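Since the structure comes first, as structure tokens, the remarks are kept for the end.
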Amino acid sequence: MHKVFIVEDDLPMIRLLQTLLSLEGFQAISTPRPEAVVSMMRQEKPDLVVMDLHLGQVKTLSLLGELKNDPTLKTIPIIVVSGLEAEEECARAGADAFLLKPYSPSKLVEMMRSFIR
């Protein structure tokens, strides 16, 4: 079972994603706290990350850069999601993919599967 790490500060969205991923055969772990991401990734070793661009007042681009510069984490694919168009900005920061909210659950799952093959 592939493990997906959800980095999101909207608790209803976390629950929705956890349910969706469970139904699709994934194991989901999550955190709403950007300061916990690096240590949790090292501990949990996810196969993929789905990260919201904004966690509260924190824009996660610097966190994204930190993850992509870490030798033990840089190969883990990261899909960034946002309600604002920021695909180019996220790509420059190291995102492997970008998904504009609102998105269909099937689009997210399709994108995730393309990275986990």
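Bear in mind these aren't lab numbers, they're just calculated from the coordinates by the rules spelled out. If you're wondering where the values come from, they're calculated on a predicted model, not measured in any experiment. Ideal geometry is used to build each Cβ from the backbone, glycine not excepted, and the neighbour counts take in all protein chains shown.
Output wanted: per-residue J couplings in Hz (rounded whole) for region 28-41, from phi through Karplus 6.51 cos²θ - 1.76 cosθ + 1.60, θ = phi - 60°, x for Gly and Pro.
Result, ordered by residue: 10, 10, 8, 8, x, 9, x, 5, 9, 4, 4, 5, 5, 5 Hz.
Out of all DSSP beta bridges in the chain, what portion is antiparallel? Express it as a percent rounded to 5. Display every interim value, and only then the final one.
On the way: 2 of 19 bridges.
Percent antiparallel among DSSP bridges in the chain is about 10.
Could you sort 31-42, 71-82 so that the peptide with the highest average Cβ count within 10 Å comes first and the rest follow in order?
Averaged packing, sorted descending, gives the order 71-82, 31-42.
With label points built 7 Å along Cα→Cβ from the Cα atoms of GLN27 and GLU85, find their separation and express it in nm.
4.0
Filter the chymotrypsin sites (Phe, Trp or Tyr not before Pro) in region 24-117 to those in DSSP coil with at most 13 other Cβ atoms within 10 Å of their Cβ, and list the result.
Within region 24-117, the qualifying chymotrypsin sites (Phe, Trp or Tyr not before Pro) (loop, at most 13 other Cβ atoms within 10 Å) are TYR103.
Could you give P(r) for the chain, binned at 10 Å from zero, as whole percent values over all Cα-Cα pairs?
Whole-percent P(r) values from 0 Å outward: 14, 53, 32, 1.
Give a residue-ordered list of calculated ³J(HN,Hα) values for region 72-87 (Karplus: 6.51 cos²θ - 1.76 cosθ + 1.60, θ = phi - 60°; whole Hz; x for Gly, Pro).
For region 72-87, the Karplus-derived couplings read 8, 10, 4, 8, 6, x, 10, 9, 9, 10, 7, x, 10, 5, 8, 4 Hz, x marking Gly and Pro.
Which one of VAL80, PRO105, GLN27 has its Cα pushed farthest toward the positive end of the charge dipole of the chain, where Lys and Arg give +1 and Asp and Glu give -1 at the Cβ?
Value: GLN27.
With the crude spin-label approximation of a point 7 Å out along Cα→Cβ, what separation in nm comes out for ARG113 versus LEU11?
3.3
Using modelled amide H (1.01 Å from N, peptide plane; none on Pro or chain starts), what sits under 5 Å from the amide H of ILE6, excluding residues fewer than 5 places away?
Excluding prolines and chain starts, which carry no amide H, the hits are ILE29, SER30, THR31, VAL50.
So what is the calculated 222 nm ellipticity per residue for the chain, using -39500 (n - 2.57) for each DSSP H run with n of 4 or more, over all residues, to the nearest 500 deg cm²/dmol?
Dividing the helical sum by the residues of the chain leaves -12000 deg cm²/dmol.
Could you give me the ³J(HN,Hα) list for region 99-107, computed from phi with Karplus coefficients 6.51, -1.76, 1.60 and θ = phi - 60°, whole Hz, x at Gly and Pro?
Going residue by residue, I get 9, 7, 7, x, 10, 7, x, 5, 5 Hz, with x marking Gly and Pro.
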